[in-house]
1. For the condition loosely packed, with under 13 Cβ neighbours inside 10 Å and either at pLDDT below 95 or among the small types (Gly, Ala, Ser) (or both), what is the one hit in 300, 261, 304?
2. Which of the residues that make up segment 171-196 are surrounded by 17 or more Cβ atoms within 10 Å (Cβ to Cβ), over 26 Å from the mean Cα position of the chain (by Cα) and of a type in the set (A, V, I, L, M)?
3. May I ask you to say which residue of 299, 370 is assigned to a helix (DSSP H, G or I), more than 23 Å from residue 213 (Cβ to Cβ) and among the hydrophobic types (A, V, I, L, M, F, W, C)?
4. Just one of 313, 251 is assigned to a helix (DSSP H, G or I), farther than 30 Å from residue 130 by Cα and of a type in the set (A, V, I, L, M, F, W, C); which is it?
5. Does residue 376 satisfy being within 22 Å of the chain's Cα centre (by Cα), exposed (fewer than 12 other Cβ atoms within 10 Å of the Cβ) and assigned to a helix (DSSP H, G or I)?
6. Tell me whether segment 176-186 contains one or more residues that are polar (S, T, N, Q), touching a residue at least 40 places away in the same chain (Cβ under 8 Å) and outside the structural domain of residue 381 (by TED's automatic domain parsing).
7. What pairs come out if I take residues in segment 193-217 that are closer than 24 Å to residue 114 by Cβ and β-branched (Val, Ile, Thr) and pair them with residues that are part of a loop (DSSP other than H, G, I, E, B) and at pLDDT 95 or above whose C-beta lies under 8 Å away, six or more apart or interchain?
Amino acid sequence: MKRMCKTLALTLCVTMLLSTLPVAGDSGGKTILTLEEAKNLALNNDTRYKNQQSYIEQKKEDYEDSIDRYSGNAARGSSIVEKTANYAKSKLMEHNAYDAWQLEVFNKSDIKRQSDYDVTMAYYDVMKAKYSLDDAERAMDLAQKDLTIAELEYDLGTKTKNYLSQFENAYKSSQIKYESALSELKNKMAALSKEIGKKLNIDNDDIDMTIGIPDVSSIDLAKIKEDYLKNSASFFSLNNSLNTVKYQKFLVEDKYDYYKDSRSIMSDAIEDGFEELKYIANRDYDNVKYQYDESIKELDISLDAQYSGINTLMDTIENLKKSIEDTKITVKNNQLRYDLGGLISEIELEKSKSALKDLENTLNTAIVNLNIQYLALTQYSYTREK
């Protein structure tokens, strides 16, 4: 009879404990911030983007002024070689002024691209932190219930102090992990706040956790590379440099050919002078072309690695989906075993449900990582403002 009373007391305690398990996914009346809203807030609060149009207009005026300012220097010099050098210099200054104007036009689109990218990364970091906190909170709740049951078993004299200490340590460990996950979420929310220029608080604000799997089957690496070369800041600058030295080379060779064709005899001094100018122009072109070609090789390697990473994540996602389906069967069977007369305890049933939720959060985290990888790969595939 005494043993039956102990068992009944333990069963009632477990039932009351499990009735207090938290329900995940409830926003609790918080203000939900969508990703698009976050990106718009960031851009609206970005002073660089607001001021960029004035920079564009200023550089355009500088270019128009340069046409008159440098043209006067084109014919100066005591010899044809010096005049050619000055002519090339003046034309390059005009060319550089034009590039400076176009760079500011480019920067306006790139500021928006970078802002959208940074906000999306920060937003996704919050998502992952929320999944981690959800896992940690459920683990702590279950560890607390395990501890309470162990304490009751110890008080009833059915378990030793050493047995109880194991659950006490497990609960303390789960508390530490929960506090770490909570701190991480606060940090990630603060980082998102900084990106969008608006203070967010985890007690009052939340994000939209809806996320899907991007269409990776439509990825065209050749098109992505083309967009990257056209829209990335590094290649925009490299391409401008390449065009500049190419133009310098053309100016010198064009003047040389014109002078040579218009003269029956060319002195050795003039010939040597032109050769020096051509040597410098060719050297500058070869150096920049080498940098450009090496950057292309590095880009190809990077794009291949990112694409490979996407395929690996897709495999991970498919494997997780299979594991989730298997675990759902386990939970269903456990529910049946519990309903048929307590063939397993209620806390064992709840642990199997929590394990399923852990897997679902792991899948969601993998999907977030896939979106991050996909965005990193395709971030330059957009239409630039003119």
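1. 261
2. Result: no residue meets the conditions.
3. Criteria check complete, one pass: 299.
4. Just one listed residue meets the conditions, 251.
5. no
6. Among the residues of segment 176-186, at least one is polar (S, T, N, Q), touching a residue at least 40 places away in the same chain (Cβ under 8 Å) and outside the structural domain of residue 381 (by TED's automatic domain parsing), which makes the answer yes.
7. 207/34
The values are calculated or read from the model by the stated rules, or taken from the named source; none is laboratory data. Since we're looking at a predicted model, the values are computed, not measured. Here the Cβ is made from the backbone with ideal geometry for all residues, glycine too, and neighbour counts use every protein chain on show.
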